[in-house]
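Below is one structure, written out as C-alpha coordinates; the observations come after it.
The values are calculated or read from the model by the stated rules, or taken from the named source; none is laboratory data. All values reported here derive from a predicted model rather than from experimental measurement. Cβ placement follows ideal geometry from the backbone for every residue including glycine, while neighbour counts extend to all protein chains displayed.
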Amino acid sequence: MQAEPELEDIQAWLHTFVVEPGSQDEALAAAERRAGFKEGSAESLILPSPTLEPRERIQIYRGMYLLRMQEALQIDFPAVEERVGKERFFELVGQYVERHPSQSYTLDHLGRKFSAFLKEVDANGEGGFLSELAHLEWALCMVAIAPDSPTLLMTDLASVTPDNFVNLRMEPVPALEVMSFQHDVNSYFKAWSDEETAPPIMVEESHLAVWRHQLNVWRMNLPPSAHFFLSRLVEGRRLGEALDQTIDKYQAEEEDLFDWFQTWVSEGFFSTFRVEAQ
(Lines give C-alpha, C1' and ligand atoms only; values in the text may rest on other atoms or scores of the structure.)
Protein backbone atom coordinates (compact mmCIF):
# COMPACT_ATOMS: atom_id res chain seq x y z
CA MET A 1 0.00 0.00 0.00
CA GLN A 2 1.33 3.40 -0.97
CA ALA A 3 2.01 5.65 2.00
CA GLU A 4 -0.01 8.84 2.34
CA PRO A 5 2.05 11.95 1.48
CA GLU A 6 3.20 14.08 4.38
CA LEU A 7 1.45 17.42 4.92
CA GLU A 8 4.67 19.39 4.50
CA ASP A 9 5.26 17.70 1.13
CA ILE A 10 1.76 18.61 -0.02
CA GLN A 11 2.33 22.18 1.12
CA ALA A 12 5.63 22.36 -0.77
CA TRP A 13 3.98 20.90 -3.86
CA LEU A 14 1.12 23.42 -3.86
CA HIS A 15 3.36 26.38 -3.05
CA THR A 16 5.75 25.55 -5.86
CA PHE A 17 2.90 25.08 -8.33
CA VAL A 18 1.38 28.43 -7.41
CA VAL A 19 4.57 30.54 -7.61
CA GLU A 20 6.57 28.72 -10.32
CA PRO A 21 6.88 30.72 -13.57
CA GLY A 22 6.07 29.20 -16.94
CA SER A 23 3.13 27.16 -18.14
CA GLN A 24 0.82 25.07 -15.98
CA ASP A 25 2.59 21.87 -17.09
CA GLU A 26 6.01 23.32 -16.27
CA ALA A 27 4.81 24.51 -12.86
CA LEU A 28 3.27 21.15 -12.06
CA ALA A 29 6.44 19.32 -13.07
CA ALA A 30 8.50 21.63 -10.84
CA ALA A 31 6.10 21.04 -7.96
CA GLU A 32 6.36 17.27 -8.37
CA ARG A 33 10.15 17.44 -8.37
CA ARG A 34 10.15 19.63 -5.26
CA ALA A 35 7.84 17.34 -3.29
CA GLY A 36 9.12 14.05 -4.72
CA PHE A 37 5.73 13.17 -6.22
CA LYS A 38 5.10 11.14 -9.35
CA GLU A 39 3.56 12.56 -12.51
CA GLY A 40 -0.20 12.91 -12.18
CA SER A 41 -0.03 14.38 -8.70
CA ALA A 42 -2.89 16.80 -9.30
CA GLU A 43 -5.31 13.99 -10.07
CA SER A 44 -4.15 11.92 -7.10
CA LEU A 45 -4.24 14.76 -4.56
CA ILE A 46 -7.16 16.92 -5.68
CA LEU A 47 -10.72 15.75 -6.15
CA PRO A 48 -12.73 17.15 -9.06
CA SER A 49 -15.70 19.36 -8.39
CA PRO A 50 -19.01 19.10 -10.25
CA THR A 51 -17.73 21.66 -12.77
CA LEU A 52 -13.91 21.61 -12.59
CA GLU A 53 -11.18 19.03 -13.07
CA PRO A 54 -8.34 18.83 -10.49
CA ARG A 55 -5.93 20.86 -12.63
CA GLU A 56 -8.55 23.52 -13.21
CA ARG A 57 -9.20 23.78 -9.48
CA ILE A 58 -5.56 24.37 -8.52
CA GLN A 59 -5.06 26.69 -11.49
CA ILE A 60 -7.47 29.09 -9.78
CA TYR A 61 -4.95 29.51 -6.95
CA ARG A 62 -2.14 30.01 -9.43
CA GLY A 63 -4.05 32.75 -11.22
CA MET A 64 -5.13 34.41 -8.00
CA TYR A 65 -1.53 34.47 -6.76
CA LEU A 66 -0.42 36.80 -9.54
CA LEU A 67 -3.52 38.96 -9.14
CA ARG A 68 -2.80 39.30 -5.43
CA MET A 69 0.81 40.30 -6.15
CA GLN A 70 -0.44 42.90 -8.62
CA GLU A 71 -2.89 44.31 -6.07
CA ALA A 72 -0.19 44.52 -3.41
CA LEU A 73 2.26 46.36 -5.67
CA GLN A 74 -0.50 48.64 -6.95
CA ILE A 75 -1.02 49.77 -3.36
CA ASP A 76 2.70 50.32 -2.76
CA PHE A 77 3.57 51.96 -6.12
CA PRO A 78 0.54 53.91 -7.37
CA ALA A 79 2.58 56.72 -8.93
CA VAL A 80 4.73 54.25 -10.87
CA GLU A 81 1.59 52.49 -12.09
CA GLU A 82 0.07 55.72 -13.36
CA ARG A 83 3.33 56.70 -15.05
CA VAL A 84 3.67 53.50 -17.09
CA GLY A 85 -0.04 52.70 -17.44
CA LYS A 86 -1.99 49.83 -15.88
CA GLU A 87 -1.36 47.30 -18.66
CA ARG A 88 2.40 47.87 -18.71
CA PHE A 89 2.48 47.91 -14.91
CA PHE A 90 0.86 44.48 -14.74
CA GLU A 91 3.39 43.17 -17.28
CA LEU A 92 6.22 44.50 -15.11
CA VAL A 93 4.70 42.98 -11.99
CA GLY A 94 4.51 39.59 -13.70
CA GLN A 95 8.20 39.81 -14.65
CA TYR A 96 9.14 41.05 -11.19
CA VAL A 97 7.29 38.31 -9.31
CA GLU A 98 8.85 35.72 -11.59
CA ARG A 99 12.32 36.97 -10.60
CA HIS A 100 11.48 37.80 -6.99
CA PRO A 101 8.58 35.66 -5.71
CA SER A 102 7.20 36.41 -2.29
CA GLN A 103 9.35 34.84 0.44
CA SER A 104 7.28 35.89 3.45
CA TYR A 105 3.93 35.19 5.07
CA THR A 106 3.18 38.91 4.62
CA LEU A 107 3.22 40.99 1.43
CA ASP A 108 4.64 43.98 3.28
CA HIS A 109 8.10 43.21 1.90
CA LEU A 110 7.17 42.08 -1.62
CA GLY A 111 8.22 45.36 -3.25
CA ARG A 112 11.64 45.55 -1.59
CA LYS A 113 13.52 44.96 -4.86
CA PHE A 114 11.05 46.64 -7.23
CA SER A 115 13.12 49.83 -7.53
CA ALA A 116 16.25 47.91 -8.56
CA PHE A 117 14.17 45.77 -10.92
CA LEU A 118 12.79 48.83 -12.74
CA LYS A 119 16.31 50.14 -13.25
CA GLU A 120 17.34 46.79 -14.74
CA VAL A 121 14.46 46.54 -17.22
CA ASP A 122 14.57 50.29 -18.08
CA ALA A 123 10.79 50.39 -18.29
CA ASN A 124 9.50 52.78 -20.97
CA GLY A 125 13.03 54.11 -21.45
CA GLU A 126 12.71 55.77 -18.03
CA GLY A 127 14.31 53.09 -15.89
CA GLY A 128 16.42 55.51 -13.88
CA PHE A 129 13.55 57.86 -13.07
CA LEU A 130 11.02 55.08 -12.44
CA SER A 131 13.50 53.30 -10.19
CA GLU A 132 13.91 56.43 -8.09
CA LEU A 133 10.16 57.07 -8.01
CA ALA A 134 9.65 53.49 -6.80
CA HIS A 135 12.44 54.01 -4.26
CA LEU A 136 10.56 57.00 -2.84
CA GLU A 137 7.23 55.17 -2.76
CA TRP A 138 8.86 52.20 -1.05
CA ALA A 139 10.41 54.50 1.58
CA LEU A 140 6.96 55.93 2.28
CA CYS A 141 5.66 52.38 2.78
CA MET A 142 8.49 51.35 5.08
CA VAL A 143 8.30 54.51 7.16
CA ALA A 144 4.56 54.02 7.57
CA ILE A 145 5.01 50.55 9.12
CA ALA A 146 8.29 51.15 10.99
CA PRO A 147 8.22 50.40 14.73
CA ASP A 148 7.11 53.14 17.08
CA SER A 149 9.70 54.80 19.28
CA PRO A 150 9.92 57.73 21.68
CA THR A 151 10.85 61.05 20.08
CA LEU A 152 13.36 63.48 21.47
CA LEU A 153 12.45 67.11 22.23
CA MET A 154 14.76 70.10 22.42
CA THR A 155 13.89 70.36 26.11
CA ASP A 156 15.42 66.90 26.58
CA LEU A 157 18.76 68.42 25.58
CA ALA A 158 18.59 71.15 28.23
CA SER A 159 20.74 69.12 30.60
CA VAL A 160 23.63 69.00 28.11
CA THR A 161 26.30 71.61 28.89
CA PRO A 162 27.51 73.86 26.05
CA ASP A 163 30.92 72.16 26.15
CA ASN A 164 29.34 68.73 25.74
CA PHE A 165 26.94 69.68 22.97
CA VAL A 166 29.50 68.87 20.29
CA ASN A 167 29.87 65.40 21.84
CA LEU A 168 26.25 64.43 21.26
CA ARG A 169 25.54 61.24 19.34
CA MET A 170 21.97 61.13 18.10
CA GLU A 171 19.87 57.98 17.70
CA PRO A 172 17.42 58.30 14.77
CA VAL A 173 13.88 56.96 15.04
CA PRO A 174 13.19 53.79 13.02
CA ALA A 175 10.63 55.70 10.94
CA LEU A 176 13.19 57.91 9.19
CA GLU A 177 14.76 57.58 5.75
CA VAL A 178 17.40 60.00 4.41
CA MET A 179 17.56 59.77 0.63
CA SER A 180 19.34 61.08 -2.46
CA PHE A 181 18.15 61.04 -6.07
CA GLN A 182 19.43 61.94 -9.51
CA HIS A 183 15.96 63.29 -10.43
CA ASP A 184 13.59 65.62 -8.59
CA VAL A 185 11.22 62.78 -7.81
CA ASN A 186 9.64 64.54 -4.85
CA SER A 187 8.30 67.35 -7.05
CA TYR A 188 6.90 64.77 -9.44
CA PHE A 189 5.35 62.77 -6.59
CA LYS A 190 3.83 65.90 -5.04
CA ALA A 191 2.26 66.91 -8.36
CA TRP A 192 0.91 63.38 -8.79
CA SER A 193 -0.54 63.21 -5.26
CA ASP A 194 -2.08 66.68 -5.64
CA GLU A 195 -3.53 65.67 -9.03
CA GLU A 196 -1.61 68.45 -10.76
CA THR A 197 0.27 68.45 -14.05
CA ALA A 198 3.55 66.64 -13.50
CA PRO A 199 6.72 68.67 -14.10
CA PRO A 200 9.10 67.58 -16.87
CA ILE A 201 11.45 64.79 -15.88
CA MET A 202 14.94 66.18 -15.67
CA VAL A 203 18.22 64.91 -14.32
CA GLU A 204 18.55 67.04 -11.19
CA GLU A 205 20.18 65.91 -7.96
CA SER A 206 17.81 66.13 -5.01
CA HIS A 207 17.77 65.08 -1.38
CA LEU A 208 14.91 64.17 0.89
CA ALA A 209 14.02 63.11 4.42
CA VAL A 210 10.99 60.87 4.84
CA TRP A 211 9.69 60.32 8.36
CA ARG A 212 6.65 59.52 10.44
CA HIS A 213 5.53 61.88 13.15
CA GLN A 214 2.24 61.94 15.04
CA LEU A 215 0.83 59.12 12.86
CA ASN A 216 1.51 60.96 9.58
CA VAL A 217 4.25 60.34 7.01
CA TRP A 218 6.05 63.49 5.90
CA ARG A 219 8.61 64.49 3.29
CA MET A 220 11.21 67.25 3.62
CA ASN A 221 13.40 68.56 0.81
CA LEU A 222 16.99 69.05 1.92
CA PRO A 223 19.73 71.18 0.35
CA PRO A 224 23.01 69.28 -0.17
CA SER A 225 24.63 70.67 2.97
CA ALA A 226 21.68 69.76 5.21
CA HIS A 227 21.48 66.28 3.65
CA PHE A 228 25.20 65.72 4.28
CA PHE A 229 24.89 66.96 7.88
CA LEU A 230 21.82 64.84 8.64
CA SER A 231 23.38 61.76 7.01
CA ARG A 232 26.41 62.08 9.28
CA LEU A 233 24.21 62.36 12.36
CA VAL A 234 22.17 59.32 11.32
CA GLU A 235 25.40 57.38 10.79
CA GLY A 236 26.25 58.03 14.43
CA ARG A 237 28.86 60.76 14.08
CA ARG A 238 29.26 63.16 16.98
CA LEU A 239 27.45 66.48 16.46
CA GLY A 240 30.73 68.44 16.46
CA GLU A 241 32.30 66.08 13.95
CA ALA A 242 29.26 66.26 11.65
CA LEU A 243 29.29 70.06 11.89
CA ASP A 244 32.98 70.33 11.08
CA GLN A 245 32.74 67.98 8.10
CA THR A 246 29.72 69.83 6.68
CA ILE A 247 31.31 73.26 7.13
CA ASP A 248 34.53 72.05 5.48
CA LYS A 249 32.72 70.47 2.52
CA TYR A 250 30.05 73.12 1.85
CA GLN A 251 31.36 76.26 3.60
CA ALA A 252 28.04 76.19 5.44
CA GLU A 253 27.24 78.57 8.27
CA GLU A 254 27.22 76.90 11.69
CA GLU A 255 24.13 78.89 12.70
CA ASP A 256 22.20 77.58 9.67
CA LEU A 257 23.17 74.01 10.51
CA PHE A 258 22.02 74.42 14.10
CA ASP A 259 18.70 75.74 12.78
CA TRP A 260 18.36 72.53 10.74
CA PHE A 261 19.29 70.46 13.77
CA GLN A 262 16.61 72.14 15.90
CA THR A 263 14.05 71.59 13.14
CA TRP A 264 14.87 67.89 12.91
CA VAL A 265 14.65 67.42 16.68
CA SER A 266 11.32 69.24 16.86
CA GLU A 267 9.98 67.16 13.94
CA GLY A 268 10.77 63.89 15.72
CA PHE A 269 13.80 62.67 13.73
CA PHE A 270 15.61 61.37 16.82
CA SER A 271 14.62 59.06 19.65
CA THR A 272 17.44 59.58 22.13
CA PHE A 273 21.03 60.76 22.51
CA ARG A 274 24.18 60.13 24.45
CA VAL A 275 27.14 62.31 25.29
CA GLU A 276 30.36 60.70 24.17
CA ALA A 277 33.62 62.60 24.52
CA GLN A 278 36.45 62.18 22.04
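Can you name every one of the helices (runs of 4 or more DSSP H) wholly within region 220-278 that holds 3 or more residues which are surrounded by fewer than 17 Cβ atoms within 10 Å (Cβ to Cβ)? If you could, list the steps in order and put the result at the bottom.
Numbers: elements: 224-235, 239-250, 254-266.
Where helices (runs of 4 or more DSSP H) fall fully within region 220-278 and carry at least 3 residues being surrounded by fewer than 17 Cβ atoms within 10 Å (Cβ to Cβ), they are 239-250, 254-266.
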Exercise. Among the residues of region 204-221, write down those that are without any contact (Cβ under 8 Å) to a residue 40 or more places away in the chain and of a type outside the set (D, E, K, R).
Key: SER206, HIS207, LEU215, ASN216, ASN221
Practice problem: Scan region 167-200 residue by residue and report those that are among the aliphatic types (A, V, I, L, M) and crowded, with 17+ Cβ neighbours inside 10 Å. | Solution: LEU168, MET170, VAL173, ALA175, LEU176, VAL178, MET179, VAL185
Quiz item: Among all residue pairs at least 6 apart or on different chains, which show Cβ distances below 9 Å where the first residue, located in region 165-191, is in the same structural domain as GLY236 (by TED's automatic domain parsing) and under 27 Å from GLU254 (Cα atoms) and the second is part of a helix (DSSP H, G or I) and of a type in the set (Lys, Arg)?
Solution: none
Quiz item: Got at least one residue in region 215-228 being farther than 26 Å from ALA146 by Cβ and of a type in the set (D, E, K, R)?
Solution: no
Quiz item: Which condition number in (1) touching an Asp or Glu at 6+ places or on another chain (Cβ under 8 Å); (2) surrounded by fewer than 15 Cβ atoms within 10 Å (Cβ to Cβ) is the one that GLN74 fails?
Solution: (2)
Quiz item: Any residue at all in region 76-84 that is small (Gly, Ala, Ser) and over 30 Å from PHE269 (Cβ atoms)?
Solution: no
Quiz item: Out of SER41, SER23, SER49, SER104, which single residue is in contact with a Lys or Arg (Cβ under 8 Å, 6 or more places away or on another chain), closer than 30 Å to PRO5 by Cα and either buried (at least 19 other Cβ atoms within 10 Å of the Cβ) or hydroxyl-bearing (Ser, Thr, Tyr) (or both)?
Solution: SER49
Practice problem: Return yes or no: is GLU32 acidic (Asp, Glu), assigned to a helix (DSSP H, G or I) and crowded, with 17+ Cβ neighbours inside 10 Å? | Solution: yes
